[in-house]
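The values are calculated or read from the model by the stated rules, or taken from the named source; none is laboratory data. It should be emphasised that the depicted structure is a prediction, and the values quoted were computed from it without experimental measurement. Cβ placement follows ideal geometry from the backbone for every residue including glycine, while neighbour counts extend to all protein chains displayed.
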Amino acid sequence: MPNERKTFRRREPKEFEDVVVSINRVSKTVKGGRRMRFAALVVVGDRKGRVGFGLGKAAEVPDAIKKATDAANKAVFRVKLVDDNRTVPHAYTGKHGASSVYLSPAAPGTGVIAGGAVRSILELAGVSDVFSKIIGSRTPVNVVYATIDALRNMRTVEEVAKIREKKVAEVR
């Protein structure tokens with residue numbers, strides 16, 4: 001049947017973009033020597049306010065990245081943004097281990113002032129204007145945890161008003 005045409009399945013577009021933040025070679029000492037494995041840290045986001053991260057460990061790098069991406073897709077959460085999804089609602093310092101990440105809102109046009117793992121998380125979350133500073137340890141895994149901690153603990157004025165049972169104008 002030489003005249004048959006091959007039909008290709010169209011790939012549906014990915015829901016999230018992903019960024020590999022770090023890959024570590026880790027070893028376990030066993031009877032015969034050292035067993036090497038790879039640990040991957042991946043951040044996923046849709047640039048519209050949803051972001052997540054995951055860790056994966058495997059004998060080969062691509063397998064570790066795949067595991068981390070799957071874990072990140074399961075751990076996606078919504079980031080609270082203000083001013084037309086432009087910046088974070090208020091300043092906050094997220095902490096994890098010896099790492100602290102300070103996030104602060106910024107004026108329009110400032111851009112993402114952040115480095116390393118913080119930048120990739122904020123960009124994939126869709127934040128366009130923010131100041132950040134890593135205080136303490138700069139280990140990528142702890143920095144990611146601290147940044148996620150800061151983003152999860154952000155509250156909008158409406159949420160604070162509801163908790164305090166007041167009007168938004170009273171809270172401001």
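Quick one: residue 56 ticks every box in (1) in contact (Cβ under 8 Å) with a residue 24 or more places away in the chain; (2) in a strand (DSSP E or B) bar one, so which box is it? Evaluating residue 56 over (1) in contact (Cβ under 8 Å) with a residue 24 or more places away in the chain; (2) in a strand (DSSP E or B) leaves (1) as the failure. From the list 126, 115, the lone residue that is of a type in the set (Gly, Ala, Ser), in the same structural domain as residue 153 (by TED's automatic domain parsing) and farther than 22 Å from residue 40 by Cβ is 126. In the set 27, 22, only one residue is modelled with pLDDT of 90 or more and within 18 Å of residue 143 (Cα to Cα); that residue is 22.
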